[in-house]
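Taken together, the values in this text are just the output of simple stated rules run on the coordinates, not laboratory data. Just so it is clear, the model here is predicted, and its values are computed rather than measured. Note that each Cβ is placed from the backbone with ideal geometry, even for glycine, and that neighbours are counted across all protein chains shown.
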Amino acid sequence: IISAFENESEERRYWEIKGLAKVPCGGTHPKRTGELGKIKLKRKNIENGHERIEIMLDET
């Protein structure tokens, strides 16, 4: 996964998976995941060969 600026002066960031997708990024960018607390990753298989990854804060 590549994460870079499309237009650095306007701080327009995107992420890209070569041959799959290039998507504008609309998220907050912490320096490390520890700033967020514990996280959980959940993988879901979706029809037609697509897969979804959910990232959630673990509040326990």
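The modelled label-to-label distance between Lys22 and Ile53, using points 7 Å beyond Cα along the C-beta direction, is 2.1 nm. In terms of overall dimensions, the C-alpha atoms belonging to the chain reach 39, 35, 14 Å along their principal axes, ordered largest to smallest. Work out the charge dipole of the chain with +1 on the Cβ of Lys and Arg and -1 on the Cβ of Asp and Glu about the Cα centre, then indicate which of Phe5, Val23, Leu41 is farthest towards its positive end. Looking along the dipole axis, the top candidate is Leu41.
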